[in-house]
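Here is the structure we will look at, set down as structure tokens.
The values are calculated or read from the model by the stated rules, or taken from the named source; none is laboratory data. As the structure is a prediction and not an experimental result, all values here were calculated from the model. All Cβ positions, glycine included, derive from the backbone under ideal geometry; neighbour counts span all protein chains shown. When the accessible area is computed, the model is the full protein with side chains, heavy atoms only, and any ligands, DNA or RNA have been set aside. Shrake-Rupley method; radii C 1.70, N 1.55, O 1.52, S 1.80 Å.
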Amino acid sequence: MTHDHDLVLRPTDAQTTAALNPPAGRNGGDLVVETLAGLGATTVFGLPGQHALGMFDALRRSDLRYVGLRVENNAGFAADAYGRVTGEAAPLLLSTGPGALTSLAALQEAAAASAPVLAVSSQVPTAGLGGGRHGYLHELPDQAASFRGVVKSVHTVRTQSQIPSAIAAAWKSALTAPHGPVWVEIPQDVLLAPTALPGVTALDATPEELVPRPELTALAAHLLSRAERPAVIAGGGVVRADAAGKLRALAEKLDAPVVTTFGGKGAFPWTHPLSLQSWLEDRHTTDFLEDADVLLVVGSGLGELSSNYHTFAPRGRVVQIEADLGKLESNHPALGIHADARLALQALLETVEERTDPTAPERVRDVLGRVAARIGAQELTLEQEVLASVRRALPAGAPSFWDMTILAYWAWSAFDAHAPNLMHSAQGAGGLGYGFPAALGAAAADPTRPVLAVSGDGGALYSVAELATARQYGLDVTWLIVDDGGYGILREYMTDAFGQATATELTRPDYVALAESFGVPGVRTTPDTLEKDLAAALATPGPSVVVLPAVLRMFAPTHLG
């Protein structure tokens with residue numbers, strides 16, 4: 001009798017020969033790059049440092065493409081975007097101590113947005129591990145402790161034989177729903193030491209499927225089938241799970257209106273008769289969702305931005321599908337289904353009963369009309385025209401990456417993403433500097449289409465060094481910088497709260513001249529010429545900068561009263 005645990009993969013003759021005769025001149029760094037390549041990686045991002053040189057030297061002997069950025073945090077943003085666009089775990093190679101720590105803000109954003117990033121960092125030599133104070137360059141008492149509260153999993157290597165297994169385990173963790181960043185650290189001496197270990201082959205790091213419990217989806221289907229006023233909130237989990245088609249099929253089967261969160265942009269067609277679009281920071285939308293007798297929340301934790309700053313108080317039954325166990329029922333009691341959005345939506349599609357509600361499109365139109373009337377009464381023509389110009393200039397199928405800036409806040413609510421996985425922002429963790437380096441990562445992932453980055457001048461100052469990266473690799477990114485002379489949204493917040501702003505005004509460079517000093521063409525535009533200038537830049541291969549001097553305002557909030 002043969003048992004499953006008796007089955008083992010036996011090496012082929014070729015594998016045995018290769019194992020007995022490993023290539024000469026390899027070190028621990030080769031085991032890193034061989035493992036990455038064996039797992040399917042083709043592109044790595046990062047920045048070299050003294051302790052990590054063994055890993056970077058090994059790149060020279062591999063087929064992996066290296067894209068080097070100028071700041072570790074920006075390299076993390078680029079890897080984040082690569083992971084979002086491709087759905088693959090994007091390798092991020094870093095050095096010890098300051099280099100590693102500089103990536104933390106980017107890894108926090110990747111965690112908040114469920115972007116798969118595989119960070120591989122060097123460490124002090126093995127003798128320095130364990131918390132003693134040995135005085136090594138870059139030494140921390142416990143480097144991994146700095147990352148445990150940010151990433152999904154931490155893997156510390158102590159010997160060369162542990163490298164393939166640790167990286168494979170991290171890869172699997174990064175790509176198991178919910179996706180996210182992971183951390184692997186390898187001591188300097190382990191990376192530098194010659195190795196006689198065979199080349200890495202036969203890796204299996206298949207992600208685990210997060211399958212819904214059938215009794216829970218059966219109950220959810222029963223509730224939705226018999227609801228009088230069902231509604232759906234679709235979050236980023238729908239986009240990450242590539243489940244937009246299943247969401248649309250379910251909404252149409254139920255005649256249920258759908259609103260997408262800012263992280264879920266594009267998860268539901270913007271102009272669909274059942275689409276409430278993304279106006280979550282609006283009391284009319286909040287009221288509509290509160291009135292639903294059954295509210296299906298898919299791939300969202302109903303956090304601050306998705307709940308109109310926690311003013312949303314549902315009166316009906318909530319069904320929440322969420323892959324992140326920490327988000328499940330964390331803000332509202334619900335029928336919580338811990339599952340990948342795609343698998344759970346498929347289960348609902350197979351069990352829900354069709355219902356018809358001819359009033360649903362009319363109720364959607366009424367809400368959108370009320371939203372439009374509220375915005376229209378605030379004299380915000382400039383802001384709406386600028387956003388419309390960006391939408392018209394951006395080619396269909398081209399992705400966009402938005403920094404934390406007023407125009408991005410408008411885009412969260414008012415921009416038609418056209419399709420899933422095309423509009424991305426830093427709204428997960430909310431740090432500055434995301435837009436441009438993230439766009440570079442997306443351009444590295446798919447050079448066949450232009451990429452748009454949008455920043456304010458405050459966020460742009462975090463990223464100007466990456467103009468050199470854009471030029472060096474010829475990445476097709478057009479960077480729109482809205483220059484209002486400061487941290488515009490903070491200026492607005494402080495003025496509203498205190499009557500005047502402090503520490504928000506900036507001395508900044510001539511962005512056009514700065515871009516040209518890097519060999520990147522730049523143009524200064526106006527609201528009237530923005531569409532033409534932006535379209536021309538996007539149509540021209542390679543990097544470019546478009547600067548729009550303008551002071552934009554936000555629409556009035558509805559959560560304060």
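In the range 358-374, the residues that are basic (Lys, Arg) form no Cβ pair under 8 Å with any partner that is in a helix (DSSP H, G or I) and surrounded by fewer than 17 Cβ atoms within 10 Å (Cβ to Cβ), whether six or more places apart or across chains. Just the residues that are over 22 Å from Gln384 (Cα atoms) and either surrounded by fewer than 12 Cβ atoms within 10 Å (Cβ to Cβ) or basic (Lys, Arg) (or both), please, taken from the range 489-504. Across the range 489-504, the qualifying residues are Ala497, Phe498, Gly499, Gln500, Thr502, Ala503. Scanning the range 505-549 for residues that are of a type in the set (A, V, I, L, M, F, W, C), within 21 Å of Glu385 (Cβ to Cβ) and in a loop (DSSP other than H, G, I, E, B) yields no hits at all. Just one of the numbered conditions (1) touching a strand residue (DSSP E or B) at 6+ places or on another chain (Cβ under 9 Å); (2) in a loop (DSSP other than H, G, I, E, B); (3) without any contact (Cβ under 8 Å) to a residue 60 or more places away in the chain is not true of Ser173: (2).
Kindly provide the set of residues from the range 268-291 that are farther than 13 Å from Trp412 by Cα and small (Gly, Ala, Ser), ordered by number. The answer is Ser275, and nothing else.
Only a single item in (1) open to solvent by less than 40 Å² (accessible area, probe 1.4 Å); (2) in contact with a His (Cβ under 9 Å, 6 or more places away or on another chain); (3) in a loop (DSSP other than H, G, I, E, B); (4) aliphatic (A, V, I, L, M) is not met by Leu137, and it is number (1). Scanning the range 146-170 for residues that are open to solvent by 20 Å² or more (accessible area, probe 1.4 Å) and either aliphatic (A, V, I, L, M) or in a helix (DSSP H, G or I) (or both) gives Ser146, Arg148, Val150, Val154, Gln160, Ser161, Gln162, Pro164, Ser165, Ala169.
Give the residue that is nearest to Gln108 (Cα to Cα), with candidates limited to residues of the range 389-421 that are in a loop (DSSP other than H, G, I, E, B) and in contact with a strand residue (DSSP E or B) (Cβ under 7 Å, 6 or more places away or on another chain). That would be Asp403. For Tyr66, the criteria (1) farther than 12 Å from Gly441 by Cα; (2) of a type outside the set (A, V, I, L, M); (3) free of Cβ contacts under 8 Å to residues at least 40 places away in the same chain hold in every case but one, which is (1).
Okay, residues lined up against (1) surrounded by 15 or more Cβ atoms within 10 Å (Cβ to Cβ); (2) out of contact with any Leu (no Cβ under 6 Å at 6 or more places or on another chain):
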{"position": "Asp204", "(1), (2)": "no, yes"}
{"position": "Val211", "(1), (2)": "no, no"}
{"position": "Leu223", "(1), (2)": "yes, yes"}
{"position": "Glu228", "(1), (2)": "no, yes"}
{"position": "Ala231", "(1), (2)": "yes, no"}
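Might you check whether a residue that is aromatic (Phe, Trp, Tyr), closer than 29 Å to Glu379 by Cβ and outside any loop (DSSP other than H, G, I, E, B) occurs anywhere in the range 550-559? No, because not a single residue in the range 550-559 is aromatic (Phe, Trp, Tyr), closer than 29 Å to Glu379 by Cβ and outside any loop (DSSP other than H, G, I, E, B). Filtered by the rule that a residue be buried (at least 24 other Cβ atoms within 10 Å of the Cβ) and hydrophobic (A, V, I, L, M, F, W, C), the range 420-443 gives Met423, Ala426, Phe436, Ala438, Ala439, Leu440, Ala442, Ala443.
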